[in-house]
Amino acid sequence: MEGTYLVILETKNDVDTMKIQVEVTEECLQGDAKDNEALRTGIVNALQSELMVRTEVELLPLGTIRISGVGKAKRVIDKRTL
C-alpha cells in the first residue's frame, strides 16, 4: 500500500494558508520524535524550494486520508473565503 497526500487551502486571519497532509508508514511515526520532525521539516523545505511558498505539513499513518470518488482523485480541498 502506498501513501497519499492531501492539500488543504484555508484562510486564517485574512491570510491564505496551505496545509499538506502526508501519509507515512507506522515505522516512521513510531520512530524518534527528532526523526519525525526531521522528516516533516525536510518535506516543508522541499515544498518551499519547489513551490516558493511556506506550507504546514502534517504526518499521518497510512490509510488515514480517504480519497473518494471515481476517476482522478481530488487531492486539493479549497476552504478559502473570498
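Bear in mind these aren't lab numbers, they're just calculated from the coordinates by the rules spelled out. These numbers were taken from a predicted model, which means no experiment stands behind them. Here the Cβ positions follow ideal geometry from the backbone for every residue, glycine too, while neighbour counts run over all protein chains shown.
Can you go through Thr81, Thr55 and tell me which one is over 18 Å from Thr4 (Cα atoms) and of a type in the set (Val, Ile, Thr)?
Step by step, each of Thr81, Thr55 is checked, and only Thr81 is over 18 Å from Thr4 (Cα atoms) and of a type in the set (Val, Ile, Thr).
For residues in region 24-76 being part of a helix (DSSP H, G or I) and of a type in the set (D, E, K, R), which is nearest to the chain's Cα centre (by Cα)?
Arg40
Is one or more of the residues making up region 53-61 hydroxyl-bearing (Ser, Thr, Tyr), surrounded by fewer than 10 Cβ atoms within 10 Å (Cβ to Cβ) and without any contact (Cβ under 8 Å) to a residue 40 or more places away in the chain?
no
Checking Arg66 against (1) under 23 Å from Thr81 (Cβ atoms); (2) loosely packed, with under 12 Cβ neighbours inside 10 Å: exactly one of these is not met. Which one?
Of (1) under 23 Å from Thr81 (Cβ atoms); (2) loosely packed, with under 12 Cβ neighbours inside 10 Å, only one is false for Arg66: (1).
For region 1-48: of the residues being without any contact (Cβ under 8 Å) to a residue 24 or more places away in the chain and touching a Lys or Arg at 6+ places or on another chain (Cβ under 9 Å), which is nearest to Ser68 (Cα to Cα)?
Val44
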